[in-house]
Amino acid sequence: MTFDIKELYVNIPVSESLIIVKAKLLQNNDTQKAEQILTLLKEVLSQNYFTFQQRIYQPEQGIAMGFPISGIIAEIFLQNFEDENIKHLLDAKTLAFYTRYVDDILIIYDTTNISSHTINTYVNNINSNIKLNPTYEQHGSIDFLDLTITRKHKQIEVDINRKPTYTDTTINFLSNHPIEQKMTEFRFHITLMHSLPLDPDKKQKEWKTIQTIAKNNNFPLHLLHILNHQIQSKANHTHKEKKHKIRTTFTYHSPKIRRITNLFRNTNVGIAFKATTTLKQILTPTNQAQTSQHEKSGIYKITCKTSHKSCRANQSKSKPEIPGACTIHKKQRPSFSLCITHT
């Protein structure tokens with residue numbers, strides 16, 4: 001059976017996670033360093049604001065989605081959750097197998113020892129914040145991530161799973177993108193096809209699916225065969241130690257850019273391309289740039305809190321001189337408050 005953790009990030013208990021982090025920190029750090037890190041972490045996790053329809057909101061619980069540290073905190077919490085509540089079931093052989101990828105969980109168990117209903121009841125009563133939605137095996141098969149796992153009498157077979165919402169749309173070969181980016185999805189599919197223990201019929205079926213995707217996106221089949229041969233050859237040879245490369249990026253306007261990038265072909269410089277035909281660039285109006293009211297140039301009136309005098313100040317990228325503008329300096333006094341004098 002599989003589980004999907006419902007709305008993981010917004011249900012991670014922050015206070016409980018901080019307690020776990022503190023315990024982990026104290027294992028390898030002194031109290032002062034642990035408290036300093038914890039103070040910074042509290043401050044960062046409290047900045048979970050988001051904007052919706054030009055309004056700013058702050059959730060009452062959970063961690064911010066898309067925040068760099070959110071994935072780490074969620075993983076720390078879930079690993080502790082598993083250590084305290086799942087590990088002993090594996091040690092006692094109550095569960096035969098348990099694995100998790102982010103919020104997707106796969107469990108294999110012996111039905112003579114425990115039932116799916118018992119497992120579901122147990123995991124959903126551990127923590128009130130964490131709710132897991134179960135999916136049960138149907139006709140000996142179950143989907144997990146991009147795999148369909150089928151239980152046979154003496155073995156387990158796998159196949160590549162594509163969800164009902166999957167579309168075969170990728171970067172069209174006729175679009176103005178680097179060939180490396182056009183080949184990325186096909187490289188992924190072919191590598192997956194060769195890395196999984198698929199039986200010959202399933203592998204042939206997957207290869208036909210990849211060819212159909214290529215045809216629907218105007219990708220030449222002869223290039224697909226070349227890519228397939230390259231990936232197969234690479235898999236059959238021992239990997240050589242990769243040399244460290246300096247990475248740099250070029251903006252891809254047309255194939256003419258390769259006249260420059262080809263100069264780095266036999267060097268330790270790795271080239272990546274940045275396309276100019278992204279959805280963001282296409283859909284964002286170029287003549288109606290949205291500028292925050294706090295970023296607009298203009299003349300502002302500033303009143304000094306010490307002398308109660310006012311003057312005009314200019315905020316502009318070019319910073320033109322304005323007659324009668326004021327200069328701001330630090331007044332020589334312990335408070336270091338700003339004072340304005342007229343020029």
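Counting Lys +1, Arg +1, Asp -1, Glu -1, what net charge surrounds ASN129 among other residues with beta carbon under 11 Å of its beta carbon?
Once all neighbours under 11 Å are counted, the net charge is 0.
Which pairs, out of LYS24/LYS87; LYS205/LYS256; LYS24/LYS131; LYS154/LYS202; LYS215/LYS274, put more than 27 Å between their alpha-carbon atoms?
Long pairs (Cα-Cα over 27 Å): LYS205/LYS256.
Looking at segment 1-121, what % of the alpha carbon pairs are farther apart than 22 Å?
Every Cα pair in segment 1-121 considered, those over 22 Å come to 48 percent.
Is the shape of segment 52-195 rounded, prolate or oblate, going by the alpha carbon gyration tensor and its root eigenvalues a ≥ b ≥ c, with a/c under 1.5 for rounded and a/b larger than b/c for prolate?
oblate
Quick one: net charge around ARG100, please, counting Lys, Arg +1 and Asp, Glu -1 for every other residue with C-beta under 10 Å from its C-beta.
Charge balance near ARG100 sits at -4.
Under 12 Å from the Cβ of ILE76, count the other residues' Cβ atoms, weight Lys and Arg +1, Asp and Glu -1, and hand me the total.
Combined, the nearby Lys, Arg, Asp and Glu give -2.
Sort segment 177-240 into rounded, prolate or oblate with this rule: let a ≥ b ≥ c be the square roots of the eigenvalues of the Cα gyration tensor; rounded if a/c is under 1.5, and if a/c is not under 1.5, prolate when a/b is larger than b/c, oblate otherwise.
Verdict is oblate for segment 177-240.
Straight-line reach from LYS163: which aspartates and glutamates have Cα under 14 Å away, leaving out those fewer than 8 places along the same chain?
ASP143, ASP146
All of the numbers you see were taken from the coordinates with simple rules; none came from a lab. Computed from a predicted model, the values in this text were never measured in an experiment. Methodologically, a virtual Cβ is constructed for each residue, glycine included, from the backbone with ideal geometry; neighbour enumeration extends over all protein chains shown.
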